[in-house]
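Report on one structure; see the data block that follows.
The values are calculated or read from the model by the stated rules, or taken from the named source; none is laboratory data. Every value quoted in this text rests on a predicted model; they were computed, and no experiment measured them. Virtual Cβ from ideal backbone geometry, glycine too; neighbours counted across all protein chains shown.
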2 protein chains.
Amino acid sequence: MKTAVFVKAGQMAIETIEKPSVIEVDDAIIRVVRACVCGSDLWSYRGDDDKATHSANSGHEIIGIVDEVGSAINTVKKGDFVIAPFTHGCGHCAACRAGFEGGCQGHDRSTNFSSGYQAEYVRYAHADWSLVKIPGQPSDYSEGMIASLLALADVMPTGYHAARVANVQKGDTVAVVGDGAVGLCAVIAAKMRGAKRIIIMSRHKDRQELALEFGATDIVEERGEEGVAKVLELTNGDGVDAALECVGTQLSTETALAIARPGASIGRVGVPHTKDINLSDYFFQNAIIAGGPASVTTYDKSVLLKAVLDGEINPGKVFTQSYSLDDIDQAYKDMQERKTIKSMVVVSK
Amino acid sequence: MKTAVFVKAGQMAIETIEKPSVIEVDDAIIRVVRACVCGSDLWSYRGDDDKATHSANSGHEIIGIVDEVGSAINTVKKGDFVIAPFTHGCGHCAACRAGFEGGCQGHDRSTNFSSGYQAEYVRYAHADWSLVKIPGQPSDYSEGMIASLLALADVMPTGYHAARVANVQKGDTVAVVGDGAVGLCAVIAAKMRGAKRIIIMSRHKDRQELALEFGATDIVEERGEEGVAKVLELTNGDGVDAALECVGTQLSTETALAIARPGASIGRVGVPHTKDINLSDYFFQNAIIAGGPASVTTYDKSVLLKAVLDGEINPGKVFTQSYSLDDIDQAYKDMQERKTIKSMVVVSK
């Protein structure tokens with residue numbers, strides 16, 4: 001079967017490897033219908049992650065059809081259409097019970113995240129509780145709906161995580177730092193949770209337009225100190241009730257902390273690529289700093305899948321270009337160059 | 001009038017200075033009935049704070065009688081018995097409205113905290129919303145009740161802050177790191193909020209006994225890695241739902257973070273004396289790190305004063321020795337040497 005591999009910075013390729021098969025009793029083999037490229041995949045593609053090695057970091061977001069299951073899998077069977085969350089919670093440990101399967105304690109952490117999923121088939125570990133069944137088959141859905149279902153493997157739940165851990169409440173003023181697919185999904189999440197005002201920090205016209213469509217009320221184009229000043233100006237000097245950090249850089253994290261009023265929450269979901277942010281610096285502002293890998297299964301099963309199927313939210317709009325698996329390098333390149341907000345990869349029907 | 005002054009590490013003294021008078025329209029002059037020594041006062045007394053200068057850091061926790069008020073004060077009058085919170089919120093800004101007056105935005109931050117309150121009289125800035133009126137007069141209360149009322153100026157609300165920002169819920173397993181007066185009050189707070197299990201990390205017999213009386217269910221005497229291992233053992237490897245950090249050192253903060261299960265909250269109220277705790281290190285455990293100066297007025301008015309007056313809680317038990325103002329150096333020394341959990345200073349009747 002075909003799989004995408006990271007060759008070196010700026011170069012993805014397709015290789016042919018053996019189709020995966022069930023190894024553990026709680027594995028599921030999934031035939032991939034759609035995959036995509038994540039902002040976190042781009043860190044190594046851009047050359048910003050010098051630890052990245054050949055074959056590292058080739059995707060973790062798919063929807064597909066169950067092809068085979070291990071003997072301990074009772075929730076899905078061959079032929080089922082599923083969302084494959086990038087987190088593989090057991091559903092039973094203290095972390096999973098608390099709705100934080102990104103830190104599942106039921107198995108070794110190294111097996112808790114998807115990797116190498118830009119491929120024709122994947123082996124999905126700890127599948128029993130984690131996989132999310134979609135009613136029907138891919139052919140039952142429009143392309144727009146397929147895109148929104150694909151968004152439920154990572155970006156939409158990740159945006160939702162930012163809003164949940166920042167405890168966004170009805171009537172809140174919220175700022176979203178970052179206009180990538182996750183930031184845009186965080187706008188959707190803030191609106192779902194009843195935020196009255198949603199400020200997005202964005203410098204790109206196409207993303208600003210989508211943010212407004214998703215529910216943003218204000219756009220701040222400035223960055224750094226100027227951006228902070230603008231957000232404070234928009235909020236009469238108060239700062240925001242919740243800042244959703246959806247990038248992970250030093251600047252974006254410091255910005256999120258600086259625009260938060262005393263006692264506000266910072267929900268951070270961008271994988272940190274920060275040098276040093278010292279906790280003690282934020283004591284006197286009573287900052288509530290939360291976040292980490294999202295609780296994909298929890299959110300999909302409790303609220304997000306229904307919201308997508310009911311047409312209440314359309315996170316699939318973040319996919320503005322589609323590619324075949326053979327064109328994986330182009331999918332990365334266009335996303336890196338911001339020619340597309342997020343690249344979808346059409347693997348099978 | 002007499003006031004305590006910090007002379008140098010290991011030496012407090014009494015000096016005679018002019019009695020304060022109203023300067024700003026929202027000032028109140030308070031005749032001090034009881035003052036006390038805070039764990040944070042001891043940082044400089046021990047010599048751990050090399051920035052401390054003569055007359056710095058002489059107390060911030062009192063109850064007393066209003067002696068004079070500025071023209072903008074409408075909530076209290078001469079003769080009223082009051083708790084003087086160490087935070088001076090305006091009650092109207094976004095931070096205060098959200099219940100985080102420790103970060104009040106209504107005035108310059110330098111005027112938001114009490115200082116120099118081990119004295120016969122104090123000038124209390126921004127008094128209108130912040131002061132908390134106690135029914136009746138000091139003579140109406142037992143010495144035990146007076147002690148509990150004094151605890152409402154800082155330690156009890158600070159312990160409560162740890163539990164509130166860590167979102168302690170009914171049924172939670174909570175660990176309290178630190179067995180000083182604040183840690184012991186955090187035990188009270190965790191119990192008030194319905195925690196099922198309360199583990200206190202404590203090495204001192206007198207404090208352990210008080211912790212058990214306040215509602216602790218388990219004691220961990222070990223520190224550092226051994227202490228972390230013990231808490232994990234007590235929780236079947238899960239870690240706790242909430243860790244209340246009531247010391248502020250590097251070790252106590254790292255301990256609190258290490259015993260928290262993924263997605264758990266760390267409520268920190270010990271003023272940080274940490275070298276460097278890097279935020280990005282706690283992303284993958286989805287740590288929720290909250291805390292800062294407590295919301296004293298908010299908690300006293302909403303829940304704590306009533307709980308004390310109804311005899312539901314007895315935080316005054318943390319005061320295990322009393323001193324006259326003239327004996328202020330002994331009050332510091334005994335507390336530093338752990339001969340008393342917290343030193344009360346009897347200033348007037």
So which residues in the stretch B:224-264 are in contact (Cβ under 8 Å) with a residue 12 or more places away in the chain, of a type in the set (D, E, K, R) and more than 10 Å from chain A (Cβ to nearest Cβ)?
B:Glu245, B:Glu254
Positions within the stretch A:8-32 being surrounded by fewer than 22 Cβ atoms within 10 Å (Cβ to Cβ), over 17 Å from A:Asp128 (Cβ atoms) and in contact with a strand residue (DSSP E or B) (Cβ under 8 Å, 6 or more places away or on another chain), in sequence order
A:Ala13, A:Ile14, A:Glu15, A:Thr16, A:Ile17, A:Lys19, A:Pro20, A:Ser21, A:Arg31
Identify, by number, the condition in (1) crowded, with 18+ Cβ neighbours inside 10 Å; (2) more than 23 Å from B:Phe319 (Cα to Cα); (3) of a type outside the set (Asp, Glu) that B:Ile62 doesn't meet.
(2)
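B:Ala211 - would you say it is of a type outside the set (S, T, N, Q), within 15 Å of B:Gln169 (Cα to Cα) and in contact with a helix residue (DSSP H, G or I) (Cβ under 8 Å, 6 or more places away or on another chain)?
It is false that B:Ala211 is of a type outside the set (S, T, N, Q), within 15 Å of B:Gln169 (Cα to Cα) and in contact with a helix residue (DSSP H, G or I) (Cβ under 8 Å, 6 or more places away or on another chain).
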Which members of the stretch A:319-349 meet the condition of being under 16 Å from A:Val182 (Cα atoms) and touching a residue at least 24 places away in the same chain (Cβ under 8 Å)?
A:Phe319, A:Thr320, A:Met335, A:Gln336, A:Arg338, A:Ile341, A:Lys342, A:Ser343, A:Met344
From B:Asp140, B:Asp172, residue being touching a strand residue (DSSP E or B) at 6+ places or on another chain (Cβ under 6 Å), farther than 17 Å from B:Leu304 by Cβ and charged (D, E, K, R):
B:Asp172
Every residue from the stretch B:163-208 that is in contact with a helix residue (DSSP H, G or I) (Cβ under 8 Å, 6 or more places away or on another chain) and among the β-branched types (Val, Ile, Thr)
B:Val168, B:Val174, B:Val176, B:Val177, B:Val182, B:Val187, B:Ile188, B:Ile198, B:Ile199, B:Ile200
When B:Gly144 is evaluated against the numbered criteria (1) buried (at least 17 other Cβ atoms within 10 Å of the Cβ); (2) on the phi < 0 side of the Ramachandran plot, which criterion, by number, is the only one it fails?
(1)
For B:Gly106: the one exception among (1) closer than 29 Å to A:Asp241 by Cβ; (2) away from every other protein chain (no Cβ under 14 Å); (3) modelled with pLDDT under 95:
(2)
Looking at B:Phe284 and the list (1) assigned to a helix (DSSP H, G or I); (2) surrounded by fewer than 22 Cβ atoms within 10 Å (Cβ to Cβ), which single condition is not satisfied?
(1)
Condition first: within 18 Å of A:Thr235 (Cα to Cα) and either free of Cβ contacts under 8 Å to residues at least 40 places away in the same chain or surrounded by fewer than 21 Cβ atoms within 10 Å (Cβ to Cβ) (or both). Now tell me which residues in the stretch B:100-127 satisfy that.
B:Cys104, B:Gln105, B:Gly106, B:His107
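Matching residues to (1) modelled with pLDDT under 95; (2) polar (S, T, N, Q); (3) more than 16 Å from A:Gln330 (Cα to Cα); (4) assigned to a helix (DSSP H, G or I):
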{"residue": "A:Phe6", "(1), (2), (3), (4)": "yes, no, no, no"}
{"residue": "A:Lys19", "(1), (2), (3), (4)": "no, no, yes, no"}
{"residue": "A:Ile23", "(1), (2), (3), (4)": "no, no, yes, no"}
{"residue": "A:Asp26", "(1), (2), (3), (4)": "no, no, yes, no"}
{"residue": "A:Ile30", "(1), (2), (3), (4)": "no, no, yes, no"}
{"residue": "A:Ala35", "(1), (2), (3), (4)": "no, no, no, no"}
Give the residues of the stretch B:291-316 that are polar (S, T, N, Q) and under 15 Å from B:Ile83 (Cα atoms), sorted by residue number.
B:Ser295, B:Thr297, B:Thr298, B:Ser302
As an exercise: evaluate A:Pro293 against (1) within 13 Å of another protein chain (Cβ to nearest Cβ); (2) in a loop (DSSP other than H, G, I, E, B); (3) surrounded by fewer than 24 Cβ atoms within 10 Å (Cβ to Cβ); (4) at pLDDT 95 or above and give the number of the one condition it does not meet.
(3)
Quick check: anything in the stretch A:204-211 under 15 Å from A:Ala307 (Cβ atoms), outside the structural domain of A:Arg338 (by the TED database) and over 14 Å from the mean Cα position of the chain (by Cα)?
no
Considering only the stretch B:18-47, state which residues are in contact with a Ser or Thr (Cβ under 7 Å, 6 or more places away or on another chain) and under 28 Å from B:Ser139 (Cβ atoms).
B:Ile29, B:Arg31, B:Val32, B:Val33, B:Cys36, B:Val37
Scan the stretch B:109-118 for residues that are more than 14 Å from chain A (Cβ to nearest Cβ) and touching a helix residue (DSSP H, G or I) at 6+ places or on another chain (Cβ under 8 Å) and report the count.
1
Going through the stretch B:202-218 one residue at a time, which ones are crowded, with 20+ Cβ neighbours inside 10 Å, among the hydrophobic types (A, V, I, L, M, F, W, C) and outside any loop (DSSP other than H, G, I, E, B)?
B:Leu210, B:Ala211, B:Phe214
Go through (1) touching a residue at least 12 places away in the same chain (Cβ under 8 Å); (2) facing another protein chain (nearest Cβ under 9 Å); (3) aromatic (Phe, Trp, Tyr) for B:Tyr299 and report which single condition fails.
(2)
For the stretch B:269-290 the number of residues that are within 7 Å of chain A (Cβ to nearest Cβ), modelled with pLDDT of 95 or more and under 21 Å from the mean Cα position of the chain (by Cα) is 2
Quickly run through the stretch B:296-315 and pick out the residues that are touching a strand residue (DSSP E or B) at 6+ places or on another chain (Cβ under 7 Å) and either charged (D, E, K, R) or part of a strand (DSSP E or B) (or both).
B:Asp300, B:Lys301
When you go through (1) surrounded by fewer than 24 Cβ atoms within 10 Å (Cβ to Cβ); (2) touching a residue at least 12 places away in the same chain (Cβ under 8 Å) one by one for B:Cys185, which number turns out not to apply?
(1)
For the list (1) under 17 Å from the mean Cα position of the chain (by Cα); (2) at pLDDT below 95, I need the number of the one condition that A:Thr320 fails.
(2)
Please work out if B:Gln321 is away from chain A (no Cβ under 14 Å), surrounded by fewer than 24 Cβ atoms within 10 Å (Cβ to Cβ) and not in a helix (DSSP H, G or I).
yes
Note on B:Asp218: of the conditions (1) more than 14 Å from chain A (Cβ to nearest Cβ); (2) without any contact (Cβ under 8 Å) to a residue 24 or more places away in the chain; (3) out of contact with any Lys or Arg (no Cβ under 8 Å at 6 or more places or on another chain), unmet is (3)
